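Below is one structure, written out as structure tokens, with a few remarks after it.
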């Protein structure tokens with residue numbers, strides 16, 4: 001073991017900047033699959049998810065998803081990402 005002081009982080013971190021909304025993966029992990037789109041909307045539709053355009057309610061995104069039944073979580077996330085896109089998520093101060 002080293003005698004160095006480990007109270008400082010090994011990598012300097014930037015300022016904590018809040019990001020509005022939950023990651024899509026967190027919302028989809030709360031569900032069991034397979035699941036109908038209407039059931040996803042009923043259970044998690046009021047959840048606000050992070051998107052490159054800012055936070056959006058999942059029910060708003062689901063209105064633009066053509067698929068009505070998702071076999072797996074990955075399939076659901078893929079369809080949602082087709083609607084919301086991918087990319088950097090704006091922080092609260094942007």
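Along each principal axis, taking the top coordinate minus the bottom one, the Cα set of the stretch 24-84 gives 28, 20, 17 Å in descending order. Fewest-first ordering of 16, 79 by other beta carbons within 10 Å of each residue's beta carbon gives 16, 79.
If you take the Cα centroid of the stretch 27-61 and the Cα centroid of the stretch 64-94, the two points sit 9 Å apart. Full extension of the segment from residue 43 to residue 75, taken as 0.36 nm per residue of separation minus the current Cα-Cα distance, would add 9.8 nm.
No lab work stands behind these numbers, since they all come straight from the coordinates. This one's a predicted model, so the numbers in the text were calculated from it and none came from an experiment. Cβ coordinates were reconstructed from backbone atoms using ideal geometry, including for glycine residues, and neighbour counts include every protein chain displayed.
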